1. Considering only residues that are within 16 Å of residue 31 (Cβ to Cβ) and more than 16 Å from the chain's Cα centre (by Cα), look in region 45-91 and name the one that is surrounded by the most Cβ atoms within 10 Å (Cβ to Cβ).
2. Residue 220 versus (1) near ligand 2 (Cβ under 10 Å from one of its atoms); (2) surrounded by fewer than 20 Cβ atoms within 10 Å (Cβ to Cβ); (3) farther than 20 Å from residue 16 by Cα: which is the lone unmet condition?
3. Name the residues in region 97-118 that are surrounded by 14 or more Cβ atoms within 10 Å (Cβ to Cβ) and at pLDDT below 95, would you?
4. Suppose we filter region 180-201 for residues that are within 14 Å of ligand 1 (Cβ to nearest atom) and surrounded by fewer than 16 Cβ atoms within 10 Å (Cβ to Cβ); how many remain?
5. Quick one: which of 241, 232, 236, 206 is farther than 30 Å from residue 106 by Cβ, under 14 Å from the mean Cα position of the chain (by Cα) and within 15 Å of ligand 2 (Cβ to nearest atom)?
6. Provide a single number: the residues in region 193-203 that are more than 8 Å from ligand 2 (Cβ to nearest atom) and over 22 Å from residue 250 (Cβ atoms).
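The values are calculated or read from the model by the stated rules, or taken from the named source; none is laboratory data. Small disclaimer: the values here were computed from a predicted structure and weren't measured. All Cβ positions, even for glycine, are placed from backbone atoms using ideal geometry, and neighbour counts span all protein chains on display.
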Ligand code: SF4
Ligand code: SF4
């Protein structure tokens, strides 16, 4: 499937609309998906909404790839909206990319450590959220605004999707699952390309919000990159229709 159409909108327009909505709702949805709230919950022996959310998001990656990053993540939305206002190419910072792997080890390892040390967990999705509806407790807003400003600064300093590329610990888990499902070829959302149709215009590379070398991937016939967020921008930008999103794998 290379295109989707909802009330006359193409894939890129639908994605942009969802990202804008995700950004507008960020101050509300943040409390339910907070990786920080999840850790505070585990420290208190509680399965909070954040833990349930992230387990679900990671499980769905086996089918939808990193579509959460490409279509729904409020932090991804903030980065892409910032990118549309002040387009800054991703800066290459040697070794900084390893930071997100370190943060992922601390986040996942910390969660396992806290869960194991809790001596039993109770289910309380609304833990730390008062009535479960906004306004949230003050500490939640402090963390929310700190992260929001931090993400903006990362895009300004590091460029397009700077947080995804260098800092996001959740992205590492998404990448690991994407690598597994691509290796064993689970029917799932992924990129495919017809390299013989490519005219090397590099419009796909320029359109990639993750700054991946898409044209080189097409040429090398290796479209599976765990950093790919299956946004479909490259497919939409290609004048020859050489790239498409697919659910089923087609041997070349
Ligand atoms: S390679 Fe294509 S689908 Fe993947 S992130 Fe880049 S533009 Fe999106
Ligand atoms: S946009 Fe299409 S034709 Fe141009 S380099 Fe990318 S795959 Fe090739």
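1. 48
2. (1)
3. Hit for region 97-118 is 118, nothing else.
4. 0
5. 232
6. Going through region 193-203 one residue at a time, the tally reaches 0.
Every residue, every condition in (1) over 29 Å from residue 16 (Cβ atoms); (2) modelled with pLDDT of 95 or more, yes or no:
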position: 51; (1), (2): yes, yes
position: 84; (1), (2): no, no
position: 88; (1), (2): no, yes
position: 121; (1), (2): yes, yes
position: 134; (1), (2): no, no
position: 139; (1), (2): yes, no
position: 143; (1), (2): no, no
